[in-house]
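K.L.:
My questions will all concern the structure given below.
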Amino acid sequence: MYIILVGGGKVGFHLARALLGEGHEILVIERDRRKCMTINDELGSVVLQGDGCEAAILTEAGAARADLVIAVTGGDEDNLVVCQLAKGKFHAPRTIARINNPKNESIFKKLGIDDTISSTQVIMERIQAEIPSHPMLHLATLGSYGLELVNLSVPEGSVAAGRRLRDISLPPQTVVSLIISTDGPRVPTGDTQIQVGDEVIAVTRVESEDTLRAQFTSQH
Amino acid sequence: MRVVIMGCGRVGSTLAATLDQSGHQVTILDLDSTQFRRLPAAFGGQSLVGNGVDQDVLRRAGIEDADVFVAVTQGDNRNLMASQIAKHVFNVRKVVCRTYDPVREEFYQELGLTTISPTKVISRMIGDMLQGPE
């Protein structure tokens, strides 16, 4: 694949190296002359000095034949414009934008940038997955439906412990799909009793997350 | 009308002062509070420090009730992003975005933004002056 990376900072540099290692054709567009020299010295002549938001530079970079354009500068506004130009003007089949401010994720989606990566979000997800004491893990986000798959651990003293599933008023559009107890996993019915230590796998709406968490993990 | 202006440089501050004088309700945003010194002492609008590409800052500036949003910072991309947020997220009726780069200006105009490129406008005016009668 021919991949254009806009932004030759730390993320751009290491991404370029990794993608080169996978055998892709890479071009990094970077404004700063010093950063360009470092990339040139370490990775070879895979760098073009200039502003990746300028159509002239994107033309020079051969954006029209790029299979993928990735914008990884430290400025969300720059990443947005790079992706919109690459898509709208150069018809890049795919664009990916790095998002620095996690709040911008929904805005980028709304403005037509489908693939976004927020480093803050990624790190948060890793932390949530790595720290076992965390009462709720995000397992997956289900496309653009605003739904997610979560894993709740029922802690000692939880208000849900000892209650039947039917007696817990779940938020709307929430389904408990699986309960993993010491006896192994089972698909619950309304009569299933929640026990301390159970892992509850549920599908819920993003906005109901906090309510659901409270129902299973808050203390008496 | 209720106006939110992003960027308190020469253009932003002049526009803010003019609109304020004509009785409009103006809020002006800038990243740097010292820029507000450009506003006249009699300015009756609101000035707010913050980045207009942040939707929470725009909300604080009253974007939800604004009739007009004008983006006139030095950064084309900042102006373009904030204008798109104003138009597509907050559904502001009238959005005007300054874009120095004529290529970006035309591209975003095709995407439905109201953009103005001083580079294009001024070079055209100077060209006309040079070709006009002495």
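K.L.:
Of the residues B:Ala66, B:Ala86, which is among the aliphatic types (A, V, I, L, M) and in contact with a Lys or Arg (Cβ under 7 Å, 6 or more places away or on another chain)?
P.N.:
Testing whether each residue is among the aliphatic types (A, V, I, L, M) and in contact with a Lys or Arg (Cβ under 7 Å, 6 or more places away or on another chain) leaves just B:Ala66.
K.L.:
A follow-up question, please. Given the conditions (1) of a type outside the set (A, V, I, L, M, F, W, C); (2) at negative phi; (3) modelled with pLDDT of 95 or more, and given that A:Gly50 satisfies all but one, which numbered condition is not satisfied?
P.N.:
A:Gly50 satisfies all of (1) of a type outside the set (A, V, I, L, M, F, W, C); (2) at negative phi; (3) modelled with pLDDT of 95 or more except (2).
K.L.:
Could you tell me which residue of the stretch B:1-29 is surrounded by the most Cβ atoms within 10 Å (Cβ to Cβ), considering only residues that are in a helix (DSSP H, G or I) and among the aliphatic types (A, V, I, L, M)?
P.N.:
B:Ala16
K.L.:
Right, another one. When only residues in the stretch A:7-25 that are aliphatic (A, V, I, L, M) and closer than 14 Å to A:Thr38 by Cα count, which is surrounded by the most Cβ atoms within 10 Å (Cβ to Cβ)?
P.N.:
Applying the filter and picking the extreme gives A:Ala16.
K.L.:
Something else now. Residues being within 14 Å of another protein chain (Cβ to nearest Cβ) and crowded, with 23+ Cβ neighbours inside 10 Å: count how many of those fall in the stretch A:57-87.
P.N.:
Qualifying residue count for the region: 15.
K.L.:
With (1) modelled with pLDDT of 95 or more; (2) part of a helix (DSSP H, G or I) as the list, and A:Val11 as the residue in question, which single condition is left unmet?
P.N.:
The failed condition is (1).
K.L.:
Quick one: A:Leu137 ticks every box in (1) out of contact with any Pro (no Cβ under 9 Å at 6 or more places or on another chain); (2) crowded, with 18+ Cβ neighbours inside 10 Å; (3) in contact (Cβ under 8 Å) with a residue 40 or more places away in the chain; (4) outside the structural domain of A:Ala56 (by TED's automatic domain parsing) except a single one, so which number is it?
P.N.:
Only one criterion is unmet by A:Leu137, namely (3).
K.L.:
On the given criteria, is A:Glu54 of a type in the set (Asp, Glu), free of Cβ contacts under 8 Å to residues at least 24 places away in the same chain and either within 14 Å of another protein chain (Cβ to nearest Cβ) or within 24 Å of B:Tyr100 (Cβ to Cβ) (or both)?
P.N.:
Spelling it out, A:Glu54 is indeed of a type in the set (Asp, Glu), free of Cβ contacts under 8 Å to residues at least 24 places away in the same chain and either within 14 Å of another protein chain (Cβ to nearest Cβ) or within 24 Å of B:Tyr100 (Cβ to Cβ) (or both).
K.L.:
On to the next question. Suppose the filter is at the interface with chain B (Cβ under 10 Å from one of its Cβ atoms) and either out of contact with any Phe, Trp or Tyr (no Cβ under 9 Å at 6 or more places or on another chain) or assigned to a loop (DSSP other than H, G, I, E, B) (or both); does A:Glu105 pass it?
P.N.:
So A:Glu105 fails the test.
K.L.:
I've got another one for you. Could you check how many residues of the stretch A:143-173 are of a type outside the set (A, V, I, L, M) and either more than 23 Å from A:His220 (Cα to Cα) or surrounded by fewer than 13 Cβ atoms within 10 Å (Cβ to Cβ) (or both)?
P.N.:
13
K.L.:
Would it be correct to say that A:Lys109 is surrounded by fewer than 18 Cβ atoms within 10 Å (Cβ to Cβ) and under 16 Å from the mean Cα position of the chain (by Cα)?
P.N.:
Yes, satisfied.
K.L.:
Does A:Ser169 satisfy the criteria of being under 21 Å from the mean Cα position of the chain (by Cα), away from every other protein chain (no Cβ under 14 Å) and assigned to a loop (DSSP other than H, G, I, E, B)?
P.N.:
No, not satisfied.
Residue-by-condition table, conditions (1) touching a strand residue (DSSP E or B) at 6+ places or on another chain (Cβ under 7 Å); (2) of a type in the set (Lys, Arg):
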position	(1), (2)
B:Asp30	yes, no
B:Leu48	yes, no
B:Asn51	no, no
B:Arg78	no, yes
B:Gln84	no, no
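K.L.:
Has the stretch A:13-29 got at least one residue that is among the basic types (Lys, Arg) and more than 21 Å from B:Glu105 (Cα to Cα)?
P.N.:
Yes, because at least one residue in the stretch A:13-29 is among the basic types (Lys, Arg) and more than 21 Å from B:Glu105 (Cα to Cα).
The values are calculated or read from the model by the stated rules, or taken from the named source; none is laboratory data. Values in this document were obtained by computation on a predicted structure and should not be read as measured data. Note that we place each Cβ from the backbone using ideal geometry, even for glycine, and neighbour counts take in every protein chain shown.
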